[in-house]
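**Q** Got a structure for you, questions after.
The values are calculated or read from the model by the stated rules, or taken from the named source; none is laboratory data. If you're wondering where the values come from, they're calculated on a predicted model, not measured in any experiment. With ideal geometry, Cβ positions are generated from the backbone for all residues, glycine too; neighbour counts draw on all protein chains shown.
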């Protein structure tokens, strides 16, 4: 079977993977097996925030069946990083590979897409509640624009005080650092319960 890594020539935008099981025991890529692929991948946790899945965070954008010039089919798994250069993307690709292998699905390749850029608007309502229960304040406000509209580049200043504390709900909070455990979060402290917490910065 022809490699599906050749479907896109730019290796920096794709993470081609090869199934670790024999082709004759795989559930082949088809429209009939597509729901199983979705079900499998929707359960893959984010490596940095394991209480939410890559689907709930909006990182998993699409799963589809594609064919090469020989007519061979494969799953194409589309992911978008929360920001360019996110160090978790290679781990996410490896976790996707492990999940697809365990499910006996394949062949597949992972395609990283940077446009439209990821936005915190893609975080599902359930994921926001899971973040809060985990001790991370979810992002506030809406920031996405239509996919075909020009995206304004915005340089955000220092995060503001007053983000509701995920531990006690108080808005009497203060910024400790513009960056928290990862670049996409800011670090806060609650003046009421005195607990520290991360805030998922909206963008």
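**Q** Given the options 93, 103, 98, name the one that is within 17 Å of the chain's Cα centre (by Cα), more than 17 Å from residue 203 (Cβ to Cβ), surrounded by 14 or more Cβ atoms within 10 Å (Cβ to Cβ) and in the same structural domain as residue 31 (by TED's automatic domain parsing).
**A** 93
**Q** Suppose the filter is farther than 21 Å from residue 50 by Cβ and either within 22 Å of the chain's Cα centre (by Cα) or at pLDDT 90 or above (or both); does residue 199 pass it?
**A** Judged against the criteria, residue 199 is not a match.
**Q** I'd like to check something: does region 78-85 contain any residue that is outside the structural domain of residue 171 (by TED's automatic domain parsing), buried (at least 20 other Cβ atoms within 10 Å of the Cβ), farther than 19 Å from residue 35 by Cα and touching a residue at least 24 places away in the same chain (Cβ under 8 Å)?
**A** Within region 78-85 (the criterion being outside the structural domain of residue 171 (by TED's automatic domain parsing), buried (at least 20 other Cβ atoms within 10 Å of the Cβ), farther than 19 Å from residue 35 by Cα and touching a residue at least 24 places away in the same chain (Cβ under 8 Å)), the answer is yes, since at least one residue qualifies.
**Q** I'd like the full set of residues that are free of Cβ contacts under 8 Å to residues at least 40 places away in the same chain and surrounded by fewer than 20 Cβ atoms within 10 Å (Cβ to Cβ), limited to region 56-72.
**A** The answer is 62, 64, 65, 67, 71.
**Q** Working only within region 126-157, note down all residues that are exposed (fewer than 10 other Cβ atoms within 10 Å of the Cβ) and either at pLDDT below 60 or not assigned by TED's automatic domain parsing to the domain that holds residue 196 (or both).
**A** 146, 147, 148, 149, 150, 152, 153, 154, 155, 157
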